[in-house]
1. Out of 201, 171, 237, which single residue is assigned by TED's automatic domain parsing to the domain that holds residue 131, free of Cβ contacts under 8 Å to residues at least 24 places away in the same chain and under 30 Å from residue 97 (Cβ atoms)?
2. For the range 152-164, name all the residues that are exposed (fewer than 15 other Cβ atoms within 10 Å of the Cβ) and either in a helix (DSSP H, G or I) or at pLDDT 85 or above (or both).
3. What about residue 123, is it surrounded by 13 or more Cβ atoms within 10 Å (Cβ to Cβ), touching a residue at least 24 places away in the same chain (Cβ under 8 Å), assigned to a helix (DSSP H, G or I) and in contact with a strand residue (DSSP E or B) (Cβ under 9 Å, 6 or more places away or on another chain)?
4. Which of the residues that make up the range 53-98 are loosely packed, with under 14 Cβ neighbours inside 10 Å and in contact with a strand residue (DSSP E or B) (Cβ under 6 Å, 6 or more places away or on another chain)?
5. All but one of (1) in the same structural domain as residue 179 (by TED's automatic domain parsing); (2) over 25 Å from residue 189 (Cβ atoms) hold for residue 58; which doesn't?
6. Would you check which residues across the range 209-244 are in a strand (DSSP E or B) and over 20 Å from residue 130 (Cβ atoms) and list them?
7. Can you name the residue in the range 126-151 that is without any contact (Cβ under 8 Å) to a residue 24 or more places away in the chain and closer than 23 Å to residue 187 by Cβ and, of all such residues, is surrounded by the fewest Cβ atoms within 10 Å (Cβ to Cβ)?
């Protein structure tokens, strides 16, 4: 059974989502109220009738007399100010700074499946480091697939590895999206089998692919893995918190 990361959502992130949703919902409701008031609908008619029953009954047009104007204008002004406040607060919560922290460093003794996007010069080191892994999944640039295949043929031998081609982007968001889509597909394929943890190597990957993997690990069922110079492996989780 795959355990999703939503179960481990940080308290600050959950509160930020709830507050943003409440303010956004309030803004939607208040937009309807303001529109109704502009069409001469008497907002809070029940409350107004309690304080000025006769004036509310005589109301026919906001510009017929001063009392009618106030009955129409004051609720309109009040709800417009509330709408402005709700809109500003929604934007404020959406733009709250996200604090990312690599946490939960732990030694890794067994890694059944390792996903990596090593640079061509680091490919031999990658294969040597993860020689004990049961399965290797390589995400490599499409334009360099021939060079990678040649190196793999000379070194990997009968190793159990899969090659998946990545399009080359300069945009980190596009790289993240492509890797994320592959991870989702891989995790979905494992649901019908014995699910094993998915580890993404950031030791030998390029800076762009390592950064993309960091952001993918926030929402996807995967962990980051890094090798130290002495050959030890450690896995990491990336934790996102919202600044209060």
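The values are calculated or read from the model by the stated rules, or taken from the named source; none is laboratory data. Values in this document were obtained by computation on a predicted structure and should not be read as measured data. Reconstructed Cβ throughout: ideal geometry from the backbone, glycine too, with neighbour counts over all protein chains shown.
1. Going through 201, 171, 237 in turn, the sole match is 171.
2. Correct list: 153, 154, 155, 162, 163.
3. yes
4. Residue satisfying the conditions is 98 alone.
5. The number of the failed condition is (1).
6. Once the filter is applied, which keeps residues that are in a strand (DSSP E or B) and over 20 Å from residue 130 (Cβ atoms), the range 209-244 yields 238, 239, 240, 241, 242.
7. 132
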